[in-house]
Amino acid sequence: MKITGVKGFPVRAGHRNQFIVKVETDEGISGLGEGGISGRELAMDGMLQHFAPALIGQDPRRIEHIWQMLYRGSYFEGGKITAAVVSAIDIALWDILAKSLNVPVYQLLGGAYRERVLCFATPGNLAGPEVIEQAQEAVAEGFRVLRFTPGMLDLNWQGEDGATYDPEESINAAIHWLGELRRALGGDIALSIDFHHRLTPAQAALFCQRVEPLHLMFVEEPMRCEDPAAYQQLRTMTNVPFALGEEFSSKWAFAPYLEGGLLSFARVDVCNVGGLTEARKVAGWCETHYVELLPHNPLGPISTAACVHLAAATSNFAYLEYFPGHDRDRPRDLFPQVLEQHGGAFPLPTAPGLGVEFNEDAVKDHPFEFWAPPRWFRPDGAYTNW
């Protein structure tokens, strides 16, 4: 079997752009992958064009060999765009291999460790009383783990370009509404929050100390993670479990956080870290440190499918991030077949490969639309993280 074609598709799929990769072979079997750097789809497409000539003629079943060739194939190894495109290609190669053997991908990752893949939901924003109803609706749908985004008063969770984000106001609102949620939902529902790395170490410490009585399952990305020493400092100030790693683009980025005991849940992103090949290596390292996987999954059906297969075969998996609204938003002509979630969980896939179909002919009806993340500012006008 030989690779005969490599195609990239920056498309508008519902509310966001996605970057889909299709790898074709001379045996008529093709595989699908997805790159995860949102807002940089054209950059990923450019990197794919650099990779494509080296892929033509390769045996797609030599997955580790191709991974190493792509990652180490230039003088400048790694980087987020490189890793995202390697991720998309890697996922597509696993899809091809599983289809060629007529089995679901998880069978090649060790087989089913569990009978279904449990998910956590993100019902809403900690900014007002509507979050209580949103949480209750998610619980009624079957979700037992809920994650929330910090409050921005009078704005949706994404805010808007040029919006003002006040960390102290956000912390106060989050503490208040998490307390109201605990009272409304009781102790059986796990609560957590994602600060999207918006806080300083001092602000993160303040929040974690104040929220400890509510017994959150985790606090996700309270501050930026370029420097593990900052999290070492924060770890000495609080016992709250941390969920980190959605921005990491290799196993090497995870290493100091695992070795330093700085995270309780690894937010590995299959579409950014290097695909299923690299995610499995991260999972093994996590297992040696008793850290569970909480995969980052904000993208589309291919990302979701890759995460489900990884989770199905991984012993130290906890919950999968999943947005039911993405299914309602999905263009049916672009993705005629996807994995379906029921009652807060995915059953084990049964179709060969990933179990996702992509209609290349429908791409013309979903053209790429330029998008940049919102730019936010502190009350004094200084730029802050979105």
Worksheet item: If we scan the range 358-372, do we find a residue that is of a type in the set (A, V, I, L, M, F, W, C), farther than 30 Å from residue 101 by Cβ and touching a strand residue (DSSP E or B) at 6+ places or on another chain (Cβ under 7 Å)?
Response: yes
Worksheet entry | Unique match (being within 22 Å of residue 303 (Cβ to Cβ) and touching a helix residue (DSSP H, G or I) at 6+ places or on another chain (Cβ under 9 Å)) among 178, 118, 126 | 118
Response to the item:
The correct count of residues that are surrounded by fewer than 17 Cβ atoms within 10 Å (Cβ to Cβ) and over 16 Å from residue 18 (Cβ atoms) in the range 352-363 is 1
Practice prompt. For residues that are within 21 Å of the chain's Cα centre (by Cα) and closer than 18 Å to residue 32 by Cα, scanning just the range 48-80, find the one that is surrounded by the most Cβ atoms within 10 Å (Cβ to Cβ).
Written response: 48
Worksheet item: Which one of the conditions (1) within 26 Å of residue 195 (Cα to Cα); (2) under 21 Å from the mean Cα position of the chain (by Cα) does residue 375 fail to meet, given that it meets all the rest?
Response: (2)
Item to complete: Output the number of the condition that residue 362 fails; it satisfies all remaining conditions of (1) part of a loop (DSSP other than H, G, I, E, B); (2) farther than 20 Å from residue 305 by Cα.
Response: (1)
Fill in: Test for residue 245: is it touching a Pro at 6+ places or on another chain (Cβ under 7 Å) and either surrounded by fewer than 23 Cβ atoms within 10 Å (Cβ to Cβ) or on the phi > 0 side of the Ramachandran plot (or both)
no
Worksheet entry | Unique match (being crowded, with 17+ Cβ neighbours inside 10 Å and under 20 Å from the mean Cα position of the chain (by Cα)) among 171, 189, 193 | 193
Worksheet entry | Check on residue 112, buried (at least 21 other Cβ atoms within 10 Å of the Cβ) and either in contact with a Ser or Thr (Cβ under 8 Å, 6 or more places away or on another chain) or in contact (Cβ under 8 Å) with a residue 60 or more places away in the chain (or both) | no
Discussion item. Being within 17 Å of residue 126 (Cβ to Cβ), assigned by TED's automatic domain parsing to the domain that holds residue 321 and either touching a Leu at 6+ places or on another chain (Cβ under 6 Å) or of a type in the set (Phe, Trp, Tyr) (or both) is true for just one of 185, 206, 214. Which residue is that?
Written reply: 214
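The values are calculated or read from the model by the stated rules, or taken from the named source; none is laboratory data. Keep in mind the model is a prediction, meaning the values are calculated, not measured. Cβ atoms come from the backbone with ideal geometry, glycine included; neighbour counts cover every protein chain shown.
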